[in-house]
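What follows draws every value from the coordinates through simple rules; no lab data is involved. Note that the structure is predicted; figures quoted are calculated from it, not measured. Counting neighbours? That spans all protein chains shown, and the Cβs are built from the backbone with ideal geometry, glycine included.
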Amino acid sequence: LRLQDVEEVKRGWYQTENEYYLLQFTLTVRCLYYTSFSLEFCWQEVPCGSSFYSFPWLVAYVFYYPVFHNGPILSFPEFIAKMQQQEYCSLKSNLSAFAVGLGRLLCYWWLAELMVHLMYM
């Protein structure tokens, strides 16, 4: 809803227009997720007792953080398939993935600190 009073309240939460438009964009993308879940719920052919079309799955789907702000857009069936997918990994591969992830995190942290140090404004 685009009510003028509501927009003024939302604009009051932020100091800049960019922050306000980020809120608008995030809300728009969340509405796509609500719509995807609702359409799948309406089109389901199984009885209503299905555990995948429940409120906790809706909340998990809508607020799934890796795609929360800017994508990619996942349909609800894709989300369910990804969440049910089993990973069969050994301890050695888990440790190597952890080490690579930690190394990448440290490199990004170092790069961010270097940028703050050299590009201080």
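Between THR35, PHE25, PHE79, the Cα set farthest toward the positive side of the dipole of the stretch 2-121 (charges on each charged residue's Cβ, about the Cα centre) is that of PHE79.
For the stretch 1-42, the set of chymotrypsin sites (Phe, Trp or Tyr not before Pro) satisfying both a DSSP loop assignment and a count of at most 14 other C-beta atoms within 10 Å is given as TRP13, TYR14.
Between the beta carbons of GLU78 and THR28, assuming R0 = 22 Å, the FRET efficiency works out to 0.65 to the nearest 0.05. For the stretch 26-37, backbone phi angles converted through the Karplus equation (6.51, -1.76, 1.60; θ = phi - 60°) give residue-by-residue couplings of 4, 5, 5, 5, 4, 5, 4, 5, 4, 5, 4, 4 Hz, Gly and Pro being listed as x.
Translational diffusion of the chain, estimated by Stokes-Einstein from the Kirkwood radius over alpha carbon pairs at 37 °C in a medium of 0.692 mPa s, is 178 µm² per second. Once the GluC sites (Glu not before Pro) in DSSP loops with at most 11 neighbouring Cβ atoms within 10 Å are cut out of the chain, the longest remaining piece is 1-44. For the stretch 63-108, the normalised intensity computed at q = 0.18, 0.19, 0.29, 0.32 Å⁻¹ comes to -0.83, -0.88, -0.93, -0.99 (log10 of I(q)/I(0), Debye sum over alpha carbons, equal scatterers, no solvent).
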